[in-house]
Structures are given as structure tokens and as C-alpha cells.
Amino acid sequence: SFYELREQVQGAVTTLNGLRDEKRMDELAAYKEHNKGLFQVKGQVNAINRFMQNWRKKRDRLLRRTDLSAMVKADMLKEMEIRRDKRLAIVPALRQKADVPSFSFGN
């Protein structure tokens, strides 16, 4: 769900920049107004994206460690996943604020 929202925000920013570069100001204003929810959550989405990039690096470093037993690694990974899930718990509210539909897979 987070990655879908991130892609939607990035797509909106790319389109906005394209309209600005092409000096299509009337369309730019309309596009910005129509997608204002996405632009309102952009900062939070970018912050979560940075968090996730760092989280994956830490996870990969943990999994490569040879000085820890598999059980210790599993416990540490579980703690990391709990922190990650707490951080991602805001995503449904961000999606609502961004005014984008929530997708459900497998239903």
C-alpha cells in the first residue's frame, strides 16, 4: 500500500514538473488543485521512503552477519519488523488524506 502511494505521489510530481517545464500554467494550476491531496502528503511519503531505504539496509546487514546465531538474528529481525510496521501504520491515513483509492489484492 505504501509503495502504491509513493508511486502515485512521484507520478504527480513528475507530471507537475513537466507541465511547469512546458510552461502550461493553466493546466499546471488545474492539475495541482485536482491532486492537492497527493502534494499534501508528499513530505511524509518521502520521509517513510527514506525510513524504508534505511530499514532495508539495516535488515540486509543483519542478515549478512556471521557473528550471530540464526535465533538471535530472527529475534532482532522480528523487532525490526515491529518498528517498521508501527511506522507504516500511518499509510492508510495518508492514503485517505491524499484522497486516493485503496487497492485490495487477493479479494
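Selection of segment 68-81 for residues being within 17 Å of the chain's Cα centre (by Cα) and either among the β-branched types (Val, Ile, Thr) or over 18 Å from TYR3 (Cα atoms) (or both) yields an empty set.
For segment 43-101, the candidate set comprises residues that are without any contact (Cβ under 8 Å) to a residue 40 or more places away in the chain and not in a helix (DSSP H, G or I); within that set, the residue that is most open to solvent (accessible area, probe 1.4 Å) is THR66. When segment 5-26 is filtered for residues that are exposed (fewer than 15 other Cβ atoms within 10 Å of the Cβ) and of a type outside the set (Ser, Thr, Tyr), the ones remaining, listed by number, are GLU7, GLY11, ASN17, GLY18, ARG20, ASP21, GLU22, LYS23, ARG24, MET25, ASP26. Mind checking which residues of segment 17-42 are closer than 16 Å to VAL100 by Cβ and either in contact with a Phe, Trp or Tyr (Cβ under 6 Å, 6 or more places away or on another chain) or not in a helix (DSSP H, G or I) (or both)? Result: ASN35, single match.
For segment 37-67, give me the residue count where each residue is among the basic types (Lys, Arg), farther than 19 Å from PRO92 by Cβ and within 23 Å of the chain's Cα centre (by Cα). Even if it seems obvious, please write down each step before you answer.
Start the filter on segment 37-67 by keeping residues that are among the basic types (Lys, Arg), which leaves 42, 50, 56-59, 61, 64-65.
Then keep just the ones that are farther than 19 Å from PRO92 by Cβ; that gives 50, 56-59, 61, 64-65.
Filter once more, keeping what is within 23 Å of the chain's Cα centre (by Cα): 50, 56-59, 61.
Final tally of qualifying residues: 6.
The values are calculated or read from the model by the stated rules, or taken from the named source; none is laboratory data. Here the structure is a predicted model, which means the values were calculated and not measured. Cβ atoms come from the backbone with ideal geometry, glycine included; neighbour counts cover every protein chain shown. Quick note on the areas: whole protein, heavy atoms, side chains included, nothing else; ligands and nucleic acids left out. Shrake-Rupley method; radii C 1.70, N 1.55, O 1.52, S 1.80 Å.
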